[in-house]
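The values are calculated or read from the model by the stated rules, or taken from the named source; none is laboratory data. Since this is a predicted model, take the numbers as computed values, not measurements. Methodologically, a virtual Cβ is constructed for each residue, glycine included, from the backbone with ideal geometry; neighbour enumeration extends over all protein chains shown. The area values use the complete protein model at the heavy-atom level, side chains included, leaving out ligands, DNA and RNA. Shrake-Rupley method; radii C 1.70, N 1.55, O 1.52, S 1.80 Å.
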Amino acid sequence: MENSDPNSTTSEDSAILSDLVERKEGTPTTAREWDQSTTGDVEREDEFVVRSESAKELMRDRETWYGTSHNYWTTVPSTVDGMLGGYEHITHVDLAGSAEFLAKLLPDPANRTLAIDCGAGIGRITKGLLLNCFERVEMLDTCQEHLDSAEKFIGEELFQRVTAQHCVGLQDFKPEPNKYDMFWLQWVIIYLSDTDFITMLQRFKAGLREGGYILIKDNVTKSGSMVDSDDSSITRSDLQLKQIFSRAGCQLVKEQVQRHFPRELFKVKYYVLQ
């Protein structure tokens, strides 16, 4: 496992760290709560893993939680810069790091038949990574507008290997059993409530073929959680994420830090589950 932390920050820096998907430095903090607890990072009650009271209150109202997130993403341009919240310049290092990671994780071509890009947007990862590694790819996103832009962005020839598009939220998607070699979830699990995150992982685990993986690549806080009510998202700590994996009955088989991202961003980690 990767133990180094190239993007570590001091506690004073924590309050201005940005969420890579859509938030930059200078974004107003009135809609956020930063839970910087350094002990007791995980909630003991069954419904929640995070300890932030404002996050719990938001997640209890499921319709508003997911409706706010969906409405936010319908306002985002169907471009790479839109998908990355103004950080288009990091897409090459992101995709190169993911390609290197996948090459080591899946050396056997037999395990590279079908992947699903969860939170696919216009297909930045589908085009730049998954179609280079898998025979076929499916795309899942809550916004039909972004999915409709995918064919033009990916290109007609490559798009022929995109065999399905699912316009549905992760919290409601029910994959067929034993179908996928890879569930790729990048910068998307922040939009799930704790309960839906756990039940989603349970469904996705059942949807894996033998030798398949659930791969999460996402922002991680040093401790505690950060909630943003503007788009109903919550960034969790490493400990909180691992507690969710455990409650879902998933085995963590590999983890690693993404290198060479700007230091003002959260640390980003890969988690491989079965």
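In region 120-158, which residues are under 16 Å from I214 (Cα atoms) and out of contact with any strand residue (DSSP E or B) (no Cβ under 6 Å at 6 or more places or on another chain)?
If the condition is that a residue be under 16 Å from I214 (Cα atoms) and out of contact with any strand residue (DSSP E or B) (no Cβ under 6 Å at 6 or more places or on another chain), then L129, C133 are the ones that fit.
I'd like to know if region 112-123 contains one or more residues that are assigned to a helix (DSSP H, G or I) and at pLDDT 95 or above.
no
Return the residues of region 134-147 that are open to solvent by 20 Å² or more (accessible area, probe 1.4 Å) and either touching a residue at least 24 places away in the same chain (Cβ under 8 Å) or on the phi > 0 side of the Ramachandran plot (or both); say none if nothing qualifies.
Those that are open to solvent by 20 Å² or more (accessible area, probe 1.4 Å) and either touching a residue at least 24 places away in the same chain (Cβ under 8 Å) or on the phi > 0 side of the Ramachandran plot (or both): E135, R136, T142, E145.
Would you mind finding the one in G119, G128 that is in contact (Cβ under 8 Å) with a residue 60 or more places away in the chain, closer than 21 Å to N219 by Cβ and open to solvent by 10 Å² or more (accessible area, probe 1.4 Å)?
G119
Mind checking whether some residue in region 190-199 is open to solvent by 30 Å² or more (accessible area, probe 1.4 Å), assigned to a helix (DSSP H, G or I) and either in contact with a helix residue (DSSP H, G or I) (Cβ under 9 Å, 6 or more places away or on another chain) or over 17 Å from Q274 (Cα atoms) (or both)?
yes
Can you run down the residue pairs with Cβ atoms below 7 Å, 6 or more apart or on separate chains, where the first is in region 246-274 and touching a residue at least 24 places away in the same chain (Cβ under 8 Å) and the partner is among the acidic types (D, E) and loosely packed, with under 15 Cβ neighbours inside 10 Å?
Matching pairs, first to second residue: E255/E2; Q256/E2; V257/E2; V257/D5; E264/E25; K267/D5.
Just to be sure I understand the filter: pairs with C-beta atoms under 9 Å, separated by 6 or more residues or on different chains, first member in region 40-59 and at pLDDT 85 or above, second member of a type in the set (S, T, Y) and in a helix (DSSP H, G or I). Which pairs pass?
From residues that are at pLDDT 85 or above, the pairs are F48/T195; L58/T64; L58/T68; M59/T195.
State whether the residues of region 170-177 include one that is in contact with a Lys or Arg (Cβ under 8 Å, 6 or more places away or on another chain), open to solvent by 10 Å² or more (accessible area, probe 1.4 Å), free of Cβ contacts under 8 Å to residues at least 24 places away in the same chain and not acidic (D, E).
no
Here's a check for you: in region 68-90, which residue that is outside any helix (DSSP H, G or I) and aliphatic (A, V, I, L, M) is most open to solvent (accessible area, probe 1.4 Å)?
Per the criteria, the residue is V76.
One residue is enough: does region 91-102 have a residue meeting the conditions out of contact with any helix residue (DSSP H, G or I) (no Cβ under 8 Å at 6 or more places or on another chain) and part of a loop (DSSP other than H, G, I, E, B)?
So far as region 91-102 goes, no, none of its residues is out of contact with any helix residue (DSSP H, G or I) (no Cβ under 8 Å at 6 or more places or on another chain) and part of a loop (DSSP other than H, G, I, E, B).
Considering each residue of region 43-67, count those that are among the β-branched types (V, I, T) and surrounded by 19 or more Cβ atoms within 10 Å (Cβ to Cβ), and give that number.
Of the residues in that region, 2 qualify.
Can you name the number of the only condition in (1) of a type outside the set (D, E, K, R); (2) open to solvent by 10 Å² or more (accessible area, probe 1.4 Å); (3) under 14 Å from the mean Cα position of the chain (by Cα) that Q160 fails?
Among (1) of a type outside the set (D, E, K, R); (2) open to solvent by 10 Å² or more (accessible area, probe 1.4 Å); (3) under 14 Å from the mean Cα position of the chain (by Cα), the lone unmet condition for Q160 is (3).
When you go through V227, V253 one by one, which is the residue that is assigned to a strand (DSSP E or B), open to solvent by less than 10 Å² (accessible area, probe 1.4 Å) and among the hydrophobic types (A, V, I, L, M, F, W, C)?
One residue alone meets the criteria, V227.
For Y180, indicate whether it is surrounded by 15 or more Cβ atoms within 10 Å (Cβ to Cβ), among the aromatic types (F, W, Y), closer than 22 Å to T113 by Cα and in contact with a Gly (Cβ under 6 Å, 6 or more places away or on another chain).
Criteria met by Y180.
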